[in-house]
Amino acid sequence: MPPTKQISKVRKLRRLSQLLDSAISIPGTKISFGLDPILGLLPGGGDTVTGGISAYIVIEAAKMGISRDILWKMVGNILIDSFSGTIPVVGDLFDVGWKANIKNMELLEKHLDITESSESNTLFIFGLILLLTFIVLGFAAITFFTVTWFWSLIVSS
């Protein structure tokens, strides 16, 4: 990818990560949050949407030729974020501090100049897309079944 195109893509991904993780600041504090914890309050759907957007950032990083080691760290950040999202309310509070997308952008920006000339591996990117899809859908299913279970407990009481 030509450097100017790459810079433009990184800027767009940075804005997207800030929208998800730090778009809103609480006045008088250093606390900020974005759409990720807000959408996470919606049972099932919110975490699925934000997980998909997080996966998109990782896929774009893979297309830019970032090393597999860094991509796995990025996937790990998404796994931690997605796992915490399965815990109602607590997971959303965790999102406020964890900021997986900003962490992933920091990894991307830190290592981009090292691998600028490396070629992306199409098979690896395809596998990464499949893995991230399974992660997002898997955590959506866990959330769905958890909410269903809680609902059945409430209704049967």
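Hey, can you tell me all the residues within the range 19-47 that are part of a loop (DSSP other than H, G, I, E, B) and among the small types (Gly, Ala, Ser)?
SER22, ALA23, GLY28, GLY34, GLY44
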Within the range 77-109, residues among the small types (Gly, Ala, Ser) and closer than 19 Å to THR48 by Cβ come out as SER82, SER84, GLY85, GLY91, ALA100
Consider only pairs whose beta carbons are under 6 Å apart and that are at least six residues apart or on different chains; among these, list those whose first residue lies in the range 73-85 and is in a helix (DSSP H, G or I) and whose second residue is of a type in the set (D, E, K, R). ASN77/LYS103; GLY85/ASP47
List the residue pairs whose Cβ atoms are under 9 Å apart, where the first residue sits in the range 40-55 and is closer than 11 Å to PRO88 by Cα, the second is of a type in the set (Phe, Trp, Tyr), and the two are 6 or more positions apart or on different chains. PRO43/PHE144; GLY44/PHE144; ASP47/PHE139
Residues of the range 1-31 satisfying the condition of being in contact (Cβ under 8 Å) with a residue 24 or more places away in the chain, out of contact with any Phe, Trp or Tyr (no Cβ under 8 Å at 6 or more places or on another chain) and small (Gly, Ala, Ser): SER17
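Yes/no matrix, rows are residues, columns are (1) at pLDDT below 85; (2) aliphatic (A, V, I, L, M); (3) outside any loop (DSSP other than H, G, I, E, B); (4) surrounded by 14 or more Cβ atoms within 10 Å (Cβ to Cβ):
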| position | (1), (2), (3), (4) |
| --- | --- |
| SER118 | yes, no, no, no |
| LEU123 | yes, yes, yes, no |
| VAL136 | yes, yes, yes, yes |
| TRP149 | no, no, yes, no |
| SER152 | no, no, yes, no |
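Each row is one residue, and each column tells you yes or no for (1) under 16 Å from SER17 (Cα atoms); (2) hydrophobic (A, V, I, L, M, F, W, C); (3) at pLDDT below 85.
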site: ASP47; (1), (2), (3): yes, no, yes
site: ALA55; (1), (2), (3): yes, yes, no
site: MET74; (1), (2), (3): yes, yes, no
site: ILE78; (1), (2), (3): yes, yes, no
site: ASN104; (1), (2), (3): yes, no, no
site: LEU107; (1), (2), (3): yes, yes, no
site: PHE126; (1), (2), (3): no, yes, yes
site: THR133; (1), (2), (3): no, no, no
Filter the range 51-81 for residues that are within 20 Å of VAL10 (Cβ to Cβ) and among the β-branched types (Val, Ile, Thr) and give the result. ILE53, ILE57, VAL58, ILE59, ILE66, ILE70, VAL75, ILE78
Of the residues in the range 130-149 that are aromatic (Phe, Trp, Tyr) and free of Cβ contacts under 8 Å to residues at least 60 places away in the same chain, the one that is nearest to ILE80 (Cα to Cα) is PHE134
Quick check, is ILE53 buried (at least 17 other Cβ atoms within 10 Å of the Cβ) and within 17 Å of the chain's Cα centre (by Cα)? yes
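The values are calculated or read from the model by the stated rules, or taken from the named source; none is laboratory data. Keep in mind that what you see is a predicted model, and the values were worked out from it rather than measured. All Cβ positions, glycine included, derive from the backbone under ideal geometry; neighbour counts span all protein chains shown.
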